[in-house]
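Contents: one structure, followed by commentary.
Nothing in this text is a laboratory measurement; each read-out follows from the coordinates by a stated rule. Everything numeric here is computed off the predicted structure, so don't read it as measured data. In this analysis, Cβ positions are derived from the backbone assuming ideal geometry, glycine residues included, and neighbour counts consider all displayed protein chains.
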Amino acid sequence: MCCSESIAGDGRRETFFANELSLVKAVQIQETLPRGLKPELLPNHIAIILDGNRRWANEKGFKELLPNHRNGGRVIKEIVFLCCKWRIKVVSIFAFWFDPNAIFEQVDALMCLFEEVMQNDLEEFMGYNVQISFIGDKSKLPKSLQELIATVENSTRGNMGLHLMIAINYGGRYDVMQASRSIASKVKDGSLQVEDINETLFEKELETNCAEFPNPDLLIRTSGEQRISNFYLWQLANTEVFFSVKKLLDFEEEDFIEALISFQKRERRYGGN
Amino acid sequence: MAFTNESHNLDLNAVTDLICWCKQLGIKYITLYDDLGKLKGNQKDLFRCLDYKASLLDGNNNHPLTKTNGNGYTRPRANGTPSESINYIKGLTILSKQEGRQKFVRDIKNLLTVEPDRIDIELVQKHIGWTSDPEMLVTFGTKQCLFGFPPWQLRLTEIFSLPSHRNITYKTFIDCLEKYSRTTQRLGA
């Protein structure tokens with residue numbers, strides 16, 4: 001629940017109006033929420049591992065993957081806009097990460113598609129007031145994509161709605177490593193003392209620190225695979241995990257709602273604290 | 001194996017069953033994790049129970065640590081120490097939340113003497129990595145959550161969830177391993 005800005009010097013009036021606005025917001029969200037979901041139990045941050053396009057194509061007998069990836073983008077957009085409607089604060093999407101075993105042509109096609117989506121859909125995201133950030137090692141991406149990423153981030157920086165974090169060429173171990181490197185640099189130049197290093201400080205060095213809620217409350221992975229695949233290794237310590245058997249292109253609003261209901265039913269306990 | 005929200009309700013009998021089944025199936029390395037550290041705190045009892053199970057499995061009814069009651073079942077003496085169970089303890093690690101992110105931060109501090117530009121994934125792995133990352137993680141409990149399990153090691157680990165470790169049957173455990181055997185890793189985009 002967020003508080004409104006002060007409209008009067010009287011502290012009690014501020015609190016009264018802040019609570020009233022929060023109540024109005026909760027009622028508005030409740031009106032848009034499907035049955036079974038409670039606004040006060042919605043996660044602040046949902047992370048999604050996109051998976052299953054290739055297998056979906058194989059099952060259906062499609063040889064070309066690109067149309068599937070394009071349709072996958074549409075599924076993701078639908079989920080993101082649902083999250084906007086339901087006032088989820090942060091959504092993270094694990095797009096892809098480079099691996100030596102990956103087939104170059106597929107990676108190349110995927111990146112072209114990514115550029116296409118970003119160019120065509122930016123206006124729609126702006127309409128939903130979505131702030132978009134990209135995390136991961138962007139230095140290895142094509143120049144054109146790097147420029148597009150910068151444009152998208154700059155264009156959406158002032159948006160105050162949902163924060164969409166797209167992990168592109170991101171690895172959980174890479175993130176932890178770069179945080180370690182950053183801390184080592186700060187210790188070396190004297191801006192940080194060794195005794196000040198703790199978990200909280202370490203988290204601030206991770207790429208997810210750009211978000212108001214950097215650690216996901218809920219992780220959804222499509223396609224039935226049950227692993228993290230080097231996504232948010234550090235950030236998932238206390239995250240509820242939901243593995244959906246549906247492949248990405250079969251993942252619909254009702255499946256997303258099922259994941260949220262499952263999340264709400266589980267009593268949340270953060271590792272004994 | 002991670003006992004997520006069952007730390008308050010651990011059944012050492014069931015835990016040792018799981019250890020013995022793993023060992024009998026040839027699994028070399030077993031890590032037990034509960035965030036509250038109850039297993040660590042009860043290591044003596046755990047090893048005593050494991051010793052008893054080991055003696056039953058090895059068919060040693062004359063084990064000095066056991067005595068029979070009227071029903072013919074053997075049970076351990078009160079002050080038993082691990083002996084026959086040495087093969088079952090080898091490769092066994094018991095962890096709690098302290099070995100998760102807290103330990104990682106402590107280990108990272110050791111890296112601070114290195115030039116920052118030299119820090120890469122391999123170097124971090126050397127400082128904090130285990131002998132090998134777990135291939136499979138089984139979580140027991142109603143919540144499907146990692147509860148602070150050491151983060152670095154779970155990069156490609158297959159995660160399975162079972163509602164409880166209490167009263168777990170051998171068949172349930174084998175079903176889990178069979179699901180694992182059917183998984184396929186697809187790396188990359």
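In this structure, B:Arg182 and B:Ile121 have a Cβ-Cβ separation that, at R0 = 51 Å, corresponds to a calculated FRET efficiency of about 0.95. The mean number of Cβ atoms from other chains found within 10 Å of a Cβ in peptide A:223-236 is 5, as a whole number. Computed 3J(HN,Hα) for the stretch A:39-48, one whole-Hz value per residue from the Karplus formula 6.51 cos²θ - 1.76 cosθ + 1.60 where θ = phi - 60°, is x, 6, 10, 6, x, 7, 9, 10, 10, 10, glycine and proline marked x.
For the stretch A:123-169, relative contact order (Cα pairs under 8 Å, six or more residues apart, normalised by length) works out to 61 percent. Our analysis of the stretch A:132-273 gives Rg over Rh at 1.00, with the two radii drawn from alpha carbon positions and Rh computed by the Kirkwood formula. Here A:Glu78, B:Glu178 are placed in order of increasing Cβ neighbour count within 10 Å, fewest first, which gives B:Glu178, A:Glu78. Rounded to the nearest 20, the Cβ-based charge dipole of the stretch A:155-273 about its Cα centre (Lys and Arg +1, Asp and Glu -1) stands at 280 debye.
Summarising the amide proton neighbourhood of B:Phe160: residues at separation of 5 or more, or on other chains, whose placed amide H is nearer than 5 Å comprise B:Leu137, B:Val138, B:Thr139. Inter-chain neighbour count for B:156-164: the average number of beta-carbon atoms from partner chains within 10 Å of each residue's beta-carbon is 3.
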